[in-house]
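Student: Please see the structure below; I have some questions.
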Amino acid sequence: MAEPVEVRLRPSFQGSGQALGVVTLVVCSALFVVGGLYDPSSVGGVLFITLGLIGVIGFGGVLVVVVGHLLGRRPLLVLDDEGVSVPAKWPLPRSRDRRLPWADVASVCAWSQGVPTGKGLAHQLAFLPREGSAESRHSSGAEMLMIKVQGLPGVPVLRWSVRTLPGWTVKPDDVFKAVKARTDAPFEDRRVGLPRKRRVVRKAPPAA
């Protein structure tokens, strides 16, 4: 029995910067409330207090989710001998995890979304459920994925296409190897825009 492969996202300045940005919005909303309390009976005071409270509650909720996601360190993707799992994002309970048994995986495809020469290019890993399986019923909104995986067996389901991020704790190629080791389903790598590997050609030593 192989060890499960758990893919997480490394802490980054981007994630910390997002949390700091939300903190700034919460503070600004709180200042609105403070400003409105100077004259709470006026129209302007009521408006400031109302907008401030809405901001504190709304951005405060976002802050809780962002911080919980950073500190909770839940995996983004789990591969084990039973199948594929996409854990629910915090604060949702783990009972909301999505699960796809290997027996229900018809094929797997690594694909790219965006212009190959553009900055918005994103690589994804799609698990295509078998026709007739429970997960094959969630096919709405997968028109783009349908084009990318054309010719492969299975049903394109958008929620079973996981974006491969640069901050993954497990390299995408190692994830692909783990997938191939756990299922006999066809696997195709259709990613585009990847840097080419340099080939080192060594000259044969001159004959004596």
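The values are calculated or read from the model by the stated rules, or taken from the named source; none is laboratory data. Please read these numbers as outputs of a predicted model, since none were measured by experiment. Every residue, glycine among them, receives a Cβ derived from its backbone with ideal geometry; neighbour counts consider all protein chains shown. Note: areas computed on protein heavy atoms with side chains; ligands, DNA, RNA excluded. Shrake-Rupley method; radii C 1.70, N 1.55, O 1.52, S 1.80 Å.
Student: State the number of residues belonging to the range 102-141 that are assigned to a helix (DSSP H, G or I) and either at pLDDT 95 or above or open to solvent by less than 80 Å² (accessible area, probe 1.4 Å) (or both). Walk me through how you get there before you give the answer.
Tutor: So in the range 102-141, the residues assigned to a helix (DSSP H, G or I) come out as 102-104, 134-137.
Retained after the next criterion (residues that are either at pLDDT 95 or above or open to solvent by less than 80 Å² (accessible area, probe 1.4 Å) (or both)): 102-104, 134-136.
So the answer is 6.
Student: Further, regarding this structure: Would you mind finding the one in L71, L20, L31, L47 that is more than 30 Å from A126 (Cα to Cα), at pLDDT below 85, out of contact with any strand residue (DSSP E or B) (no Cβ under 6 Å at 6 or more places or on another chain) and open to solvent by 70 Å² or more (accessible area, probe 1.4 Å)?
Tutor: Values: L71 fails: more than 30 Å from A126 (Cα to Cα); L31 fails: at pLDDT below 85; L47 fails: at pLDDT below 85.
Result: L20 is the single residue among L71, L20, L31, L47 that is more than 30 Å from A126 (Cα to Cα), at pLDDT below 85, out of contact with any strand residue (DSSP E or B) (no Cβ under 6 Å at 6 or more places or on another chain) and open to solvent by 70 Å² or more (accessible area, probe 1.4 Å).
Student: So, one more: Of all residues in the range 83-96, count the ones that are out of contact with any helix residue (DSSP H, G or I) (no Cβ under 7 Å at 6 or more places or on another chain) and open to solvent by 20 Å² or more (accessible area, probe 1.4 Å). Write out each step before concluding.
Tutor: Here is the first cut: in the range 83-96, the residues out of contact with any helix residue (DSSP H, G or I) (no Cβ under 7 Å at 6 or more places or on another chain) are 84-86, 92-96.
Filter once more, so that each one left must be open to solvent by 20 Å² or more (accessible area, probe 1.4 Å): 92-96.
Count: 5.
Student: Continuing with this model, one more query. Taking R99 and the conditions (1) outside any strand (DSSP E or B); (2) of a type in the set (D, E, K, R); (3) loosely packed, with under 15 Cβ neighbours inside 10 Å, which numbered condition does it fall short on, given that it satisfies the others?
Tutor: Going through (1) outside any strand (DSSP E or B); (2) of a type in the set (D, E, K, R); (3) loosely packed, with under 15 Cβ neighbours inside 10 Å one by one, R99 breaks only (1).
Student: Can we say G154 is in a loop (DSSP other than H, G, I, E, B), more than 19 Å from P75 (Cα to Cα) and open to solvent by 40 Å² or more (accessible area, probe 1.4 Å)? Even if it seems obvious, please write down each step before you answer.
Tutor: Numbers: in a loop (DSSP other than H, G, I, E, B): yes; more than 19 Å from P75 (Cα to Cα): yes; open to solvent by 40 Å² or more (accessible area, probe 1.4 Å): no.
Criteria not met by G154.
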